[in-house]
Amino acid sequence: MPRHFLTLFDLGADGLRSVLARAHVLKRLRGTPEHPRPLQGKSVAIVLEKASTRTRVSFEVGVFELGGLPVTLLAKDTQLGRGEPLEDTARMLSGFVHAVVYRTFGHEKVQTLAEHASIPVINGLCDRYHPCQLLADLQAVQEDLGTEDLRGVPVAWIGDGNNVAHSWINAAALTGLDLRLACPEGYLPDAQVVARAEEVARQTGLGGRITVVRDPVQAARGARVVTTDVWASMGQEAEHAERARVFAPYLVDASLMAHADPRAIFLHCLPAHRGEEVAAEVIDGPASRVWGEAENRLHAQKALLEHLLG
C-alpha cells in the first residue's frame, strides 16, 4: 500500500521528527553537489482546484531539485473540470506518475483520491487541513529556538479555527506544543479534530496541550510563537464583511504582541491582509519570520517527498 500524507497524523510523531530533521539538512545542502536527487526518473502530478502561489512553486521547484519532473494540472483545464470521477482520475494518474499533490476543497475529496490511487497522495491543502504548511511552520519554530525539541513551547493561534488551525492542533499532539487558540464564538476549531488530537497527544506522551479560548490576550500571554491566518479563506469571500466585523478584536498588532514572550516570533501562512488579521508593524517588523517560513515550504516538502518516494 502507498504511504499517503493527508494529515500530519499520517507521519506520526517519529515520522514528523524525521521529516523535519531532513528538511534542515536539505536546506543546508541546497545548491551544493551533495544535494540528493532521489526522484530522478520519477514524476509528480500537482493537481490544483484552488488558486495557488506557494504550494505550486514550492512543489514544482522541489520536485525538480530532487531530480524529478513536476506535472502541474489546473483542474478546470482537465477532465476533472468536466466531471470525470475522482476514482477514475486516481487510477489514471497512478499509471502515469509516482505521486500526486492535490489542492482542493473538501477533505473527503483528498480521501477519495488516496483510496483509489496506488501511488502516494499528498494533501496540498483542503478545507479541513493544511499539513504541508505546518511542516514549514514547525521548521521555522525549530530554527528560531535552535532546537528540534518543541515540548512545552507556548504557541498562540489568533483568529479562525480553520484548516491551518486544525493542522496546528495535530502538530501539538505530535510534538508536545502548548497550543492556545483564541477564536470567536461560531468560528471555533472542529470539536472532533480537537478530541482526536487530544487522544493522539495522550498516546505520544509528549505533553502536548490544546486550549481553546475566546480572549486573544489570554492566548498570547507568554507565547513564544504568535500565528494567524486570513479571516476569510478561499471559498468564503461572500462572508468577508461579516467576518471582518466578528474578527476585528482578533487583529495581531503591537499591543497584542506585547503580551507575548519578548522573544516571540510571528508566523503567517500567507497571503496576508495588512490591517485585517495582522498589522503591518508586526508582519513587517523584527518579530516576523513569515518569509523564512514561506521558504521552508520548499525544504520541508522536499523532505516529505524524499520520505514518501525516496
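Bear in mind that the values in this text are calculations on the coordinates, not laboratory data. As the structure is a prediction and not an experimental result, all values here were calculated from the model. Methodologically, a virtual Cβ is constructed for each residue, glycine included, from the backbone with ideal geometry; neighbour enumeration extends over all protein chains shown.
Counting only residues 5 or more places away or on other chains, whose amide H sits under 5 Å from the amide H of residue 273 once H atoms are built in the peptide plane?
Long-range HN contacts for residue 273: 278.
Divide, for region 133-293, the radius of gyration over alpha carbons by 2.2 N^0.38 Å, where N is the residue count.
Numbers: Rg = 14.5 Å, N = 161, 2.2 N^0.38 = 15.2 Å.
Compared with the compact-globule rule of thumb, region 133-293 sits at 0.96.
On average over all directions, what projected area in square nanometres does the chain have, based on the convex hull of its Cα atoms?
15.2
Placing +1 at every Lys and Arg Cβ and -1 at every Asp and Glu Cβ, with all other atoms neutral, what dipole size does the chain have around its Cα centre, in debye to the nearest 20? Please list the in-between numbers first.
Numbers: 32 positive and 38 negative charges, 134 e Å.
It works out to roughly 640 debye.
Kirkwood Rh, region 1-145, all Cα pairs: how many Å?
Its Kirkwood hydrodynamic radius stands at 15.9 Å.
With a cap of 12 neighbouring Cβ atoms within 10 Å, and only residues DSSP puts in a loop, list the GluC sites (Glu not before Pro) found in region 127-224.
Working: sites: 143, 148, 185, 198, 199; in loops: 148, 185.
Passing sites in region 127-224 are 185.
Give the lysines whose C-alpha is closer than 20 Å to that of residue 27, dropping any in the same chain fewer than 8 places away, or say none.
Within reach: 302.
Any chance you could run the full-extension gain for residue 79 through residue 253? It's 0.36 nm times the residue separation minus the Cα-Cα distance, nm to one decimal. Show your work: numbers first, answer last.
On the way: separation 174, 0.36 × 174 = 62.64 nm, distance 4.51 nm.
58.1 nm is the gain from fully extending residue 79 to residue 253.
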